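Accompanying notes for the structure given below.
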Amino acid sequence: MRKVSVVLLVFLFTFVSAIVASAQSDQGASVQTTESAQEGNTQPRTLRVPQRRRRRVVRGDRRRGRNLGTAYARAGRSAGRGGAGFGRNMARGRPGQAGRELGRGMGDFGRNTGVGTARVGRRIGRGASNIFRGRRP
């Protein structure tokens, strides 16, 4: 049974390659005729490009995630990513790499937690300042 399936597979490949080869030879003849027809055209082909470029925002240049919840959410995600990398590398028998991944995740966790706490303090300080200066009732 195995020999029969191998023979059928070989036959199928040869049949398909013969069809592809004949189609490519037909296309080669048509390409040669179009090239000979274009030889009379003396102007070089140019690519049309608009004169002014549209201003695009690169991903790193956007200012997003400037509120408290985003900083704390990033902290949790980075801790989870570090823990996942730790478990993955320990399962594969690489304790050194596992510790490195965990340390990176916890480092980002601490940094983002600090950013969120700073934003909380800034918000509270500004609110208290505005209240004592009489700007808010």
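The values are calculated or read from the model by the stated rules, or taken from the named source; none is laboratory data. Not measured: the values here are computed from a predicted model. A quick note on method: Cβ atoms are made from the backbone with ideal geometry, for glycine too, and the neighbour counts reach across all protein chains shown.
Is at least one residue of the range 46-60 of a type outside the set (A, V, I, L, M, F, W, C), modelled with pLDDT under 95 and touching a helix residue (DSSP H, G or I) at 6+ places or on another chain (Cβ under 9 Å)?
There is no residue in the range 46-60 that is of a type outside the set (A, V, I, L, M, F, W, C), modelled with pLDDT under 95 and touching a helix residue (DSSP H, G or I) at 6+ places or on another chain (Cβ under 9 Å).
Return the only residue of N130, N112 being in contact (Cβ under 8 Å) with a residue 24 or more places away in the chain, assigned to a helix (DSSP H, G or I) and polar (S, T, N, Q).
Criteria check complete, one pass: N112.
Looking at the range 65-103, which of its residues are touching a helix residue (DSSP H, G or I) at 6+ places or on another chain (Cβ under 6 Å) and not small (G, A, S)?
L68, Y72, R74, R81, F86, N89, M90, Q97, E101, L102
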